[in-house]
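Have a look at the structure below before the remarks.
The values are calculated or read from the model by the stated rules, or taken from the named source; none is laboratory data. What you see is a predicted model, and the numbers here were worked out from it, not measured in a lab. Every residue, glycine as well, gets a Cβ built from its backbone with ideal geometry; the counts of neighbours run over all protein chains shown. Quick note on the areas: whole protein, heavy atoms, side chains included, nothing else; ligands and nucleic acids left out. Shrake-Rupley method; radii C 1.70, N 1.55, O 1.52, S 1.80 Å.
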Amino acid sequence: QVQLVVPMAVVFGPGAVPGDLPRPLPFRDVQEMEISVNLRTSVTARYEMRYRSTTAQEEAALAAGTAREADAALYPLQDTTLGSLTIYVVPETSSLLPQGINVYVGTHRSALVRAGGSLAALQARLREVTQVMSFTASSIAAALSDRVPDGQLSPDARRNLKSSLGYEITFSLLNPDPKSHTVDWDIEGAVNRYVKPVLDKLSLVANFSVDSQILYYAVLGVTPRYDKESSSFLLSAHSLPHVINPVEARLGSSAASLYPVLNFLLYVPERSHSPLYIQDKDGAPVSTNAFHSPRWGGIMVYNVEAPASPQASLPLHVDVDMARVMEVFLAQLRLLFGLSREEVPPEFLLESPGNEGLADWELDHLLWAHTVENIATVSTTLTSLAQLLDKIGNIVIKDDVASEVYRAVASVQSAVTELSLGHLHAAFQASKEAVTSSERAFFDPSLLHLLYFPDDQKFAIYIPLFLPMAVPILLSLAKIVRETRLRKKEPTKMD
C-alpha cells in the first residue's frame with residue numbers, strides 16, 4: 001500500500017484571509033484522497049497543508065505589476081524541494097491575475113490563487129491546483145496501467161512511455177529522392193539549442209543519449225492520394241499506422257539498444273509526391289503536418305517549395321528550418337512523457353516554460369508517476385521470480401543473486417517510506433535502485449529455467465538409457481540370490 005504525501009504551504013497575502021477559518025494562523029491541516037487501481041491495489045494521496053501569512057519579503061514580491069514578475073520574485077523565498085507546492089492566496093480584487101483567471105501556475109513549484117470569499121471555495125480551488133501541479137488519479141492509473149482492468153483506462157493513458165533507467169533519442173532525416181533534393185539540416189546546433197535544455201532538466205528522471213542519421217531512398221511505404229482541387233498529395237489518418245513499419249525496418253537503431261528508443265523522423269517527400277499533407281480523421285489538414293505514434297516517436301513531413309522555373313537545375317538545395325521542426329518534435333516528446341497541458345480548467349493560466357521545455361512542477365509530475373510505476377514493476381518482478389523458484393524445486397540461488405533480491409526489497413521499502421514522508425527525490429532514487437537490483441536478480445544467467453529439469457523430465461531422459469543395462473544386471477542379481485538360498489538349504493554331510 002503506497003501513500004503519496006504532498007507537502008503544501010498555503011500563504012495568505014494581505015486582505016486575502018477568509019473570514020471562516022477554523023482557527024487563527026498559522027495552523028496545519030491534512031486532506032486525503034483514495035485512488036483505487038484494482039480490487040487489491042490502492043494509492044492514498046495525502047496533502048499536508050500548512051496555512052500561514054506572508055512575510056514582509058513575500059508581501060513586497062506580491063506587490064509586483066504582473067503575475068510573472070511576482071512568481072520570479074517569490075521563487076528565492078519558497079521551499080524548492082521536489083514534490084512540494086507553495087500556493088499564494090491573493091485578494092479577490094487583486095490585479096495580479098488577469099480578468100477571468102482565478103489561478104496562475106508559474107514555472108517553478110508555486111501558484112497564485114484568488115481567495116474565493118469562503119474557505120470552502122478556496123479549498124475547491126486548491127484541490128484543482130494540486131490535481132494540475134502534482135498528480136491525478138488518471139496519471140497514477142496510467143503509471144499502474146499493467147494492473148488496471150481493461151476498459152477502465154483512457155486511450156491516452158497507454159500513450160506515455162514506460163519508466164526506464166535510460167532512453168535513446170534518434171533524429172532521422174529521410175530523403176527518398178536525393179537526385180532531386182540535396183537537404184542540409186543543422187541537427188547538432190538544433191539539438192544543443194532546443195533539445196539539450198529539456199534533457200538537462202529530465203536528467204533527474206533518466207539518462208538520455210541522442211544521435212542522428214540521414215537515410216537516402218527511404219520511402220514511407222504508403223502511396224499518398226492525389227487531390228485535384230489543391231494540386232497536392234494527401235495522407236489520410238487511417239493510412240498513417242502503415243507508414244511506420246516500412247520506415248522502422250530502415251532505422252536499425254532499436255535492435256542493439258538496451259533502453260527504449262524514441263524516433264523522430266523528418267521526411268522530405270520525393271518530387272513526384274510533392275507537396276504532401278497529412279489529414280486528420282475529419283479530413284482537415286494537420287497544421288503541423290506531423291503525427292506521433294504512442295511509445296515510438298513521431299514523423300514530420302517537410303515540404304520543399306517547387307522551383308520558380310521548370311528549367312531549374314537538379315538537385316535542389318534545401319535548408320531545413322530547424323526552429324519549426326524542433327518545435328514539433330519537442331511537443332511530441334512532451335506527449336510521449338505524458339506532459340500535455342490539454343486538461344486544464346479554463347480559469348487557469350499556465351506560464352510557458354520557455355527554453356527549458358518543462359516547468360519544475362511538470363518534472364515532479366513525472367517523478368511521482370515514475371516512482372509509483374517503479375515500485376509496481378519491482379513488486380511484479382520479484383513475485384515472478386518467487387513463482388519461478390516455487391515451480392523449480394531444485395534451482396540453485398547464488399549468494400550474489402540473493403543479495404540483489406534483498407537489496408531490491410530493502411530499496412522498495414525505503415521508497416515507500418520516503419513517499420510517506422513527502423521526500424519525492426529520495427523515494428525516486430530508491431525506486432530506481434530497486435528496479436536495477438530486481439532486474440539483475442531476475443535476469444541472472446544462473447536462474448535460466450532451461451538449466452533445471454523437473455523430475456518427470458529426468459525420468460523420461462534417463463530410463464531409456466539405463467533400463468537396457470539394468471535388466472541383465474537385475475536378472476544376474478536375482479540368479480545369485482536364488483543360488484545362495486538353494487546352497488543354504490542343502491543339508492551338510494556329517495562324517
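Using a probe of 1.4 Å on the protein chains alone, the accessible area found for His242 is around 120 Å². Calculate how steeply helix 455-489 sits against the longest principal axis of the alpha-carbon atoms of the chain, using the helix alpha-carbon long axis, and give the answer as 0 to 90 degrees to the nearest 10. Value to nearest ten degrees: 20. Cross-link partners for Lys488 among the aspartates and glutamates, with Cα-Cα distance under 14 Å and sequence neighbours closer than 8 places in the same chain left out, do not exist in this structure.
Would you rank Met300, Met469 by solvent-accessible area, highest first, keeping every protein chain in place and using a 1.4 Å probe?
Values: Met300 0, Met469 110 Å².
So the residues, ranked largest to smallest area, are Met469, Met300.
Working ranking of peptides 28-38, 260-270 by packing, defined as the average number of other Cβ atoms within 10 Å per residue, highest first, is 260-270, 28-38.
Across every direction, the projection of the convex hull enclosing the Cα atoms of the stretch 454-494 has a mean area of 3.8 nm². Karplus-derived 3J(HN,Hα) values for the stretch 225-231, using 6.51 cos²θ - 1.76 cosθ + 1.60 with θ = phi - 60°, are 8, 7, 10, 5, 4, 9, 6 Hz; glycine and proline are entered as x.
Give me the percent of Cα-Cα pairs in the stretch 360-448 that sit more than 17 Å apart, rounded to a whole number. It would help to have the intermediate numbers written out before the result.
On the way: 1876 of 3916 pairs.
That fraction is 48 percent.
Rounded, prolate or oblate: pick one for the stretch 2-143, where a ≥ b ≥ c are the square roots of the eigenvalues of its C-alpha gyration tensor, a/c under 1.5 means rounded, and failing that, prolate if a/b is larger than b/c, else oblate. Prolate, because a/c is 1.5 or more and a/b exceeds b/c.
Solvent exposure of the stretch 454-494, expressed per residue, is 103 Å² of accessible area, with all protein chains present and a 1.4 angstrom probe. Entry comment: accessible area of the stretch 360-448 is 45 Å² per residue, from protein heavy atoms only and a probe of 1.4 Å. Note on the stretch 272-412: dipole from Cβ charges, positive end direction compared against Asn394, Met322, Ser411; the farthest Cα belongs to Asn394. What's the angle, to the nearest 10 degrees (0 to 90), between helix 424-442's Cα axis and the longest principal axis of the chain? For helix 424-442, the angle is close to 30 degrees.
In the neighborhood of Tyr104, defined by Cβ-to-Cβ distances under 11 Å, what is the net charge if each Lys or Arg adds +1 and each Asp or Glu adds -1?
On the way: positive: Arg68, Arg114; negative: Asp71, Glu347, Glu351.
Net charge around Tyr104: -1.
Helical content of the chain, expressed as a calculated mean residue ellipticity at 222 nm, amounts to -12000 deg cm²/dmol (DSSP H runs of 4 or more residues, -39,500 (n - 2.57) each, divided by residue number, nearest 500).
Considering only DSSP beta bridges with both partners in the chain, what is the antiparallel share in %, to the nearest 5? Don't jump to the answer; show the numbers that get you there.
Details: 21 of 74 bridges.
Expressed as a percentage, antiparallel bridges in the chain total about 30.
Angle of helix 241-251 to the longest C-alpha principal axis of the chain, folded into 0 to 90 degrees and rounded to 10: 70°. Compactness of the chain is given as radius of gyration and Dmax, 32.7, 138 Å, from Cα positions. Which shape class applies to the stretch 166-337: rounded if a/c is under 1.5, otherwise prolate when a/b exceeds b/c and oblate if not, where a ≥ b ≥ c are the square roots of the Cα gyration tensor eigenvalues? Prolate shape, in that a/c is at least 1.5 and a/b is the bigger ratio.
Here are some pairs, Lys162/Lys281; Lys162/Lys196; Lys201/Lys281; Lys391/Lys458; Lys179/Lys228; which of them have Cα atoms lying more than 24 Å apart in this structure? Over 24 Å Cα-Cα: Lys162/Lys281; Lys201/Lys281; Lys179/Lys228.
For the chain, which whole percent of the accessible surface, found with a 1.4 angstrom probe, sits on carbon and sulfur atoms?
Values: 14540 of 26150 Å².
Carbon plus sulfur share of accessible area: 56 percent.
The magnitude of the dipole of the chain, with charges of +1 and -1 set on the Cβ of Lys/Arg and Asp/Glu and taken from the Cα centre, is near 2280 debye. Of interest is the spacing of the C-alpha centroids, which for the stretch 254-294 and the stretch 55-73 amounts to 44 Å. Taking Cβ atoms as reference points and 10 Å as the exclusive limit, the residues near Asp360 contribute a net charge of -1, counting Lys and Arg as +1 and Asp and Glu as -1.
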